[in-house]
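K.L.:
Shown below is the structure under consideration.
No lab work stands behind these numbers, since they all come straight from the coordinates. All values derive from a computational prediction rather than experimental measurement. Cβ placement follows ideal geometry from the backbone for every residue including glycine, while neighbour counts extend to all protein chains displayed.
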Amino acid sequence: MTLRLYNTLTKKEEEFTPLDPESKRVTFYACGPTVYDYAHIGNFRSFLNADVLRRVLELVGYDVKQVMNMTDVGHMTDDELADGAGQDKMQVAGQRLLEAKKAGTLPTDAGEIDPTDPYAVADFYVHAFIEDSRKLGLKIIADADKQPELMPRPTRYVEQMIKLVEKLIENDHAYVASDGVVYFSVQSYPAYGELSGNTPDKIRSGEGGRVDEKTQLVKKHPADFMLWKPDASHVMKWPSPWGEGYPGWHLECSVMAVSLLGQETNGVIDIHSGGEDNIFPHHECEVAQTCCSTGESHFARYWFHTRFLIVENQKMSKSKGNFYTLNDLLAKGASPAAVRLELIKTHYRSQSNFTFRGLTDSQRQIDRWARLKTWLETNKNESLNQPGPLTAALPAFIAALCNDLNISGAIGVLNDAASKHDVANSPENSKGKFTYAAELDALNQMDSVLGVLDLQQSASLSDTDVDVKRIEELIEKRNAARSSKDWKEADRVRDELVDMGIAIKDNPTGTTWSKIVSS
RNA sequence: GGCCGAGUACCCAAGUGGUCUAAGGGGACGGAUUGCAAAUCCGUUAUUCAUGGGUUCGAAUCCCAUCUCGGCCUCCA
């Protein structure tokens, strides 16, 4: 099955073929998080979509080598201006952690950290990111457990960044300006703007309101971007031929992608992903830097960008109170699997609206698939006269995903097939040559992309604040009242549980409970 | 000003010129079940695709215009 993917570079859907089609190897660089704060669900939408793409590539037979960077260079500025000014975000994060430490609100598993050490701050947030990502089933985490270099840190690649800048200066693609800062010259690279559409002639200097007029004056072109900033007062700084300072924030991806994925291909990689906001300037600048140093016409051959997530129809922001991390949602009773499905179920090139209603929708959806899976496992040795509905639907499921990752279409195919199984009853005895084991296998293959059924088990309540003992006592109390037909008391206890945010289900085998998800 | 997107039922959402008299999920409603619920199971739920034109034998799908909404144009996934 051929995968068709929309390529931001060409602005159209294309057939995906790797650089080396024979080997079935695909090199995939996913722009990862900045680690000076907790990642929020908007960040995770982008990472999860990259994960889905990777899983689809694997489903159709590719061998994917994926890298995801952990941006620990604190040079990202905290003020509104470009070209590196203002306070270091890693420093701000350190101050925040220091306050949290004093207030005793730091997670207990954080250990002893020194908030004045930017590397320790980065470690803290990398650790948090890995934990969240593991809960959400990002495959890159399991890879990095074995090969930590697959989740590289820019601070360990500064030497290579300096080499890249030197090469760009040699090639006349970069220059040292009168303020001592090294800039990339966008006019030296005719293809600048190909990815984003923001060609130098179209860029209205300062239109976004984030450009400092003073820096504009020293640059050859307003779109020229910083490669190295000498600044000895900076928290994170490294020696360089242009003075002690820090690298431009686009360098890291160029250097790490080429080092880890492009050694044998002169710096060309197959896929590069990120959020839509990365297209410009970040990815545009990466292309310019990389191609000007390798001489190749391409950096990544396919560019994959996920559109933004909004929350309850509003742009997510801390001031609106609709800014959520994974742990915020888990504390409200959501399972990681439901969060994963809610974040991947809208097509990656459509804006997605995260809602609590959608989250409960997703949870119920997963519960139904999980019941189906359990039922198939129970009956896997039973036989069928013809291929079962899931087996029959698998090609259509894959075809939908191969159509530019049409995940809603794929889920529709899955549900259509799933509804043909009567999970409330045992299958009728049949002597056919097909078995329910094949059905289970088909479901597992579908879930190899969705990635939610394995998460179901780990949707534990351990990190929530429920009083399990108290809940069990109340359930016992209610069941005692029920057996003596004291319905009034039984209902009162049930209401009490609901007030605690606990829903109960009376099954033939006993009573089970779960947290009620609410905003 | 430039460049991208999007508008399909109560909600999410597929569909990209011909079994579309429009998938799938949720919700709602009706039924089975239940002490009553919840959960589960069965059934019902868009003659219509933002609006107005056009192309075509045929349009939710293509074209034009209008309206509305969102994103980017050097913090951002």
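K.L.:
Let's see if you can work this out: charge +1 on each Lys and Arg Cβ, -1 on each Asp and Glu Cβ, no other charges. What is the dipole magnitude of the stretch A:25-306 about its Cα centre, in debye to the nearest 20? Before the final figure, lay out the partial values.
P.N.:
Working: 26 positive and 42 negative charges, 92 e Å.
Once rounded to the nearest 20, the dipole reads 440 debye.
K.L.:
Any lysines with Cα under 29 Å of the A:Lys229 Cα? List them, leaving off those in the same chain fewer than 8 positions away.
P.N.:
A:Lys89, A:Lys163, A:Lys167, A:Lys202, A:Lys214, A:Lys219, A:Lys220, A:Lys237
K.L.:
Cα centroid distance between the stretch A:393-420 and the stretch A:99-142, in Å?
P.N.:
37 Å
K.L.:
Additional query: Which distance in Å, rounded to a whole number, links the C-alpha centroids of the stretch A:239-259 and the stretch A:464-498?
P.N.:
Centre-to-centre (Cα) distance: 61 Å.
K.L.:
When only alpha-carbon atoms count, how far does chain A stretch along each of its three principal axes, as whole angstroms with the largest first?
P.N.:
Result for chain A: principal-axis Cα extents of 88, 58, 39 Å.
K.L.:
To continue, here is another question. Using the crude model of +1 on Lys and Arg Cβ and -1 on Asp and Glu Cβ, and no other charge, please compute the dipole size for chain A relative to its Cα centre, in debye to 20.
P.N.:
Roughly 1440 debye for chain A.
K.L.:
Of A:Ser233, A:Gly295, A:Pro222, whose Cα points farthest to the positive end of the dipole of the stretch A:25-306 (charges on the beta-carbon: +1 Lys, Arg; -1 Asp, Glu; origin at the Cα centre)?
P.N.:
Of the listed residues, the answer is A:Gly295.
K.L.:
Computed from the mean reciprocal separation of all distinct C-alpha pairs, what Kirkwood hydrodynamic radius does the stretch A:468-515 have, in Å?
P.N.:
Working: mean 1/r = 0.0943 Å⁻¹.
In the stretch A:468-515 this quantity evaluates to 10.6 Å.
K.L.:
For the stretch A:339-362 and the stretch A:1-57, what is the separation of their Cα centres, given in Å?
P.N.:
Using only Cα atoms, the two centres lie 18 Å from each other.
K.L.:
State to the nearest 20 debye the size of the charge dipole of the stretch A:468-515 about its Cα centre, where the only charges are +1 on K and R beta carbons and -1 on D and E beta carbons.
P.N.:
Values: 11 positive and 10 negative charges, 15 e Å.
That gives a dipole near 60 debye.
K.L.:
Next up: Quick one: which residues, 5 or more positions from A:Phe323 or on another chain, have an amide H under 5 Å from its amide H? H modelled 1.01 Å from N in the peptide plane, none for Pro or chain starts.
P.N.:
Under 5 Å from the amide H of A:Phe323 lie the amide H atoms of A:Ser317, each far enough along the sequence or on another chain.
K.L.:
Counting Lys +1, Arg +1, Asp -1, Glu -1, what net charge surrounds A:Ile140 among other residues with beta carbon under 13 Å of its beta carbon?
P.N.:
In short, 0.
K.L.:
Go through A:Ser178, A:Ile411, A:Gly193 and say which Cα lies farthest out towards the positive end of the charge dipole of chain A; charges sit on Cβ, +1 for Lys and Arg, -1 for Asp and Glu.
P.N.:
A:Ile411
K.L.:
How much net charge surrounds A:Asp63 when only other residues with a Cβ under 10 Å from its Cβ are counted (Lys, Arg +1; Asp, Glu -1)?
P.N.:
Local net charge: +2.
K.L.:
What net charge is computed for the residues neighbouring A:Leu97, neighbours being all others with C-beta under 13 Å from the C-beta of A:Leu97, Lys and Arg scored +1, Asp and Glu -1?
P.N.:
Net local charge, A:Leu97 excluded: -2.
K.L.:
Using the Cα centre of chain A as origin and beta-carbon charges of +1 (Lys, Arg) and -1 (Asp, Glu), tell me which of A:Ser317, A:Thr374, A:Thr34 is placed farthest towards the positive end of the dipole.
P.N.:
Looking along the dipole axis, the top candidate is A:Thr374.
K.L.:
Which of the peptides A:440-450, A:96-106 is most tightly packed, and how do the rest follow, judged by the mean count of other Cβ atoms within 10 Å per residue? It would help to have the intermediate numbers written out before the result.
P.N.:
Working: A:440-450: 20.4, A:96-106: 13.1.
The peptides rank, most packed first, as A:440-450, A:96-106.
K.L.:
Taking a cut-off of 28 Å between Cα atoms, list the lysines near A:Lys420, but don't count ones fewer than 8 places away on the same chain.
P.N.:
A:Lys345, A:Lys373, A:Lys380, A:Lys431, A:Lys433, A:Lys505
K.L.:
Computed FRET efficiency, Cβ-Cβ of A:Lys12 and A:Asn313, R0 30 Å: what is it to the nearest 0.05? Intermediate results must be reported in sequence, preceding the final value.
P.N.:
Working: r = 30 Å, r/R0 = 1.00.
Plugging the Cβ-Cβ distance into 1/(1 + (r/R0)^6) gives 0.50.
K.L.:
Could you put A:Val92, A:Val413 in order, starting from the residue whose Cβ has the fewest other Cβ atoms within 10 Å?
P.N.:
Going from sparsest to densest Cβ surroundings: A:Val92, A:Val413.
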